[in-house]
1. Name the pairs whose Cβ atoms lie under 7 Å apart, with the first residue in region 124-145 and outside the structural domain of THR209 (by TED's automatic domain parsing) and at pLDDT below 95, the second part of a helix (DSSP H, G or I) and buried (at least 21 other Cβ atoms within 10 Å of the Cβ), and 6 or more positions between them or separate chains?
2. Taking the conditions exactly as written (among the hydroxyl-bearing types (Ser, Thr, Tyr), out of contact with any Pro (no Cβ under 6 Å at 6 or more places or on another chain) and crowded, with 21+ Cβ neighbours inside 10 Å), does THR116 satisfy them or not?
3. Report the residue count in region 207-236 for those that are closer than 18 Å to PRO133 by Cβ and in a loop (DSSP other than H, G, I, E, B).
4. Would you mind stating whether ARG70 is part of a helix (DSSP H, G or I) and not assigned by TED's automatic domain parsing to the domain that holds ILE163?
5. Hey, could you check region 180-208 for residues that are of a type in the set (Gly, Ala, Ser), buried (at least 21 other Cβ atoms within 10 Å of the Cβ) and closer than 20 Å to GLU139 by Cα and say which is modelled with the highest pLDDT?
6. Looking only at region 116-148, which residues are within 14 Å of ALA252 (Cα to Cα) and part of a helix (DSSP H, G or I)?
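The values are calculated or read from the model by the stated rules, or taken from the named source; none is laboratory data. Just so we're clear, the structure is a prediction, and the values are computed from it rather than from any experiment. Neighbour counts are summed over all protein chains in view; Cβ atoms, including those assigned to glycine, are modelled from backbone coordinates with ideal geometry.
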Amino acid sequence: MARHQPPSAADRTKSPDRRGANAATAATGRPSSPPPPPPERTPQIRPSLDGGLPALQRELGAHGRETVRRLLEAGLAEFDEAGLQAARVEDIVRRASTSHGTFYLYFANKDDLFRTLLRDALVDMSNIAGDFPVVTSNEAGRTALRRWVHSFSETYAAHATVIRILSQADVVGENVFGDGLHLLFRVAEAMTQGMTAAGGGPAGDGLRTEHAELTAVACLMMLERVNYLMSAAEVHLPKEEMVDRIAAIIYAAFRS
């Protein structure tokens, strides 16, 4: 990880700035009710259903997308059981009840299939970064933070196999690992902004902003590692209790 540097401000993808209005409201000091959850997004076709490199050269119809879906599900199951290095195209096509020829119509190889699965994970985790709320020094702020931690955990669980593999730089390669690291810093930046945006008003009482970026990275590492453990079949942790504790720790980390 030391080989990479946090992305510059120019490189970071900007998320819609919802925080200014929220912080201004918080600064009035008036009691506020818990903020509503983020609006549900309009369902869209998953990026992965466009397939891998061979499939991206053409427009896929319903039958093609269904074939891609079956291959992705089979590949994900093989990666979960055997890991990326040990998984074989032969086993993927057998699980998907299709042929080698069909596989190569949609994916260049198993690594291409993994990168295709990764597209969905990166999109969903990027949405999580954009959803980080302004966390005020009241019950509304704590509720919003807990809701975000819960959403992070749900998204992590949905892509746990891909994220576990992504964390292995020697397996996925420098470029793919770098994509994951770039997103990590985006989430940390969103946490920094959301946890400190209420500063300067009554809703920011007790806020500690010194070294806020490092605090956010430390909290995110804790959050990721706990979810890593919870995604492992042999580790059983009480999810909702862990969400409560992690949200409380993050909240306390930014306040005196």
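1. Note: no pairs meet the criteria.
2. Numbers: among the hydroxyl-bearing types (Ser, Thr, Tyr): yes; out of contact with any Pro (no Cβ under 6 Å at 6 or more places or on another chain): yes; crowded, with 21+ Cβ neighbours inside 10 Å: yes.
In short, yes.
3. So the answer is 1.
4. Numbers: part of a helix (DSSP H, G or I): yes; not assigned by TED's automatic domain parsing to the domain that holds ILE163: yes.
Yes: the conditions hold for ARG70.
5. Per the stated criteria, the residue is GLY194.
6. Taking region 116-148 first, the residues within 14 Å of ALA252 (Cα to Cα) are 135-139, 141-143, 145-146.
Residues satisfying the conditions are GLU139, GLY141, ARG142, THR143, LEU145, ARG146.
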